[in-house]
Every structure is written in C-alpha cells, then in structure tokens.
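J.: Dropping a structure here in structure tokens format, bear with me for questions.
The values are calculated or read from the model by the stated rules, or taken from the named source; none is laboratory data. Given the structure is predicted, the values throughout are model-derived calculations rather than measurements. Cβ atoms come from the backbone with ideal geometry, glycine included; neighbour counts cover every protein chain shown. The protein model used for the area step is the full one, side chains on, heavy atoms only, and it has no ligands, DNA or RNA in it. Shrake-Rupley method; radii C 1.70, N 1.55, O 1.52, S 1.80 Å.
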Amino acid sequence: MSTIRFRIIAADHTGITVTNLERSVAFWRDVLGFEPSHRAHHTGALASEITGVPGAEISLAVLRGYGHKIELLEYHAPADRKQLTPRPCDVGSVHVALLVDDLDAVVKTITASGWKAAGKPQTLTWGPNAGKRVVYVRDPDGTTIEFMQPPR
C-alpha cells in the first residue's frame, strides 16, 4: 500500500544549463523546430532560494514543441560555477529522448549544426523498444540528447 500523500499531475519541462543561451536557443529553435515560449531573468533572493545556489543570476528561455517544453538556463553568477561534461555512464548525467521519423537525417542535420553524435546509430534488438534505431548526440556543452526512430 502506498503512503504517498500527493499526486504528480504531469511532467512540465526539462531544464538544461548551458554556457551560451543564444547559441542553445538557436539550436533548439532552428535545428529541432521548437518554438520560443518566453524568457526571464532571475536574480537575488528568488533565484537563490529556488535553486539553492547563493548569489544565483540566471537568464532563461523556454521553448515548446512536440508535447514538451525545454528550459535553457544560462547562469551569470555565482563566479565559481563549473562546466561539467559528464558521460552518459556518470552518476547525475541525464538526457532527453526525442522520437524522430528519420534518424539518418537527424544525424546529418546535427553534424551540420556543430553538434556531433556520441556514438553510431544502432537498432535495438530486444525489449519494449525492439526495432527502434537510436543514437546519442552531444551539444557543445556536453548535454546528451537521445534520438529514437520507431520501426518503419
């Protein structure tokens, strides 16, 4: 018997911290076809209390597409922030998975935009996703996006 005293209504968005907000917005908008929703700038107590990061200053952009929202965040402060490039096997690494109709076209478009595939497209041979072609790609900040093409 569950002891949870609340219910999750829905997933709202996926947040990704980036080094260059404009570059990342351009990719999600121009390459992947997400539509800009809104932008904000947070600083002071609000930003620090929400994130738990003292002195946080954040510019953000939210893009909508395909039934999901992506929130891109560029932190301007604190000064001691770090750039991490976790591998998919590193604890804390996360990714977004997007279904596409033509994985080869995605890889070609991604490569032309400056992103690159982390591996090579593969077809899954067992389990609930059997028959799907899958590849991970990484953006200039090291963020992983998984693209999945259902069987034709």
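J.: So how far apart, in nm, are the two label points at residue 129 and residue 12 if each is 7 Å from Cα heading toward Cβ?
T.: 2.7
J.: Another question, if that's okay. Whole number in Å², please: accessible area per residue of the chain, 1.4 Å probe, ligands, DNA and RNA not counted.
T.: 66
J.: Something else: Just checking my list (i) 46; (ii) 57; (iii) 51 against percent of Cα pairs over 20 Å apart computed from this structure; which label fits?
T.: Of the labelled values, this structure produces (ii).
J.: Suppose accessible area is computed on protein heavy atoms with a 1.4 Å probe; arrange 46, 124, 103 from highest to lowest.
T.: 46, 124, 103
J.: Report, in deg cm²/dmol and to the nearest 500, the calculated mean residue ellipticity at 222 nm for the chain, where each DSSP H run with n ≥ 4 adds -39500 (n - 2.57) and the sum is divided by the residue count.
T.: Working: 3 runs with 25 residues, N = 152.
Computed ellipticity for the chain at 222 nm equals -4500 deg cm²/dmol.
J.: Report the gain in length on full extension from residue 76 to residue 43: 0.36 nm times residue separation, minus Cα-Cα distance, nm rounded to one decimal.
T.: Working: separation 33, 0.36 × 33 = 11.88 nm, distance 0.95 nm.
Contour length minus Cα-Cα distance gives 10.9 nm.
J.: Note the angle between two axes, namely the Cα long axis of helix 103-113 and the longest principal axis of the Cα atoms of the chain, as a number of degrees from 0 to 90, rounded to the nearest 10.
T.: The helix 103-113 is inclined about 50 degrees to the chain.
J.: In a GNM of the chain with a 10 Å cut-off on Cα contacts, which of 70, 50, 58 has the highest mean-square fluctuation?
T.: In this elastic network of the chain, the residue with the biggest mean-square fluctuation among 70, 50, 58 is 50.
J.: Give the shape of the range 38-98 as rounded, prolate or oblate, defined through the alpha-carbon gyration tensor: a ≥ b ≥ c are the square roots of its eigenvalues, a/c under 1.5 means rounded, and otherwise the shape is prolate if a/b is larger than b/c and oblate if not.
T.: oblate
J.: Here is a further query. State the antiparallel share, in %, of DSSP beta bridges confined to the chain, rounding to the nearest 5.
T.: Once the DSSP bridges in the chain are tallied, antiparallel ones form about 75 percent.
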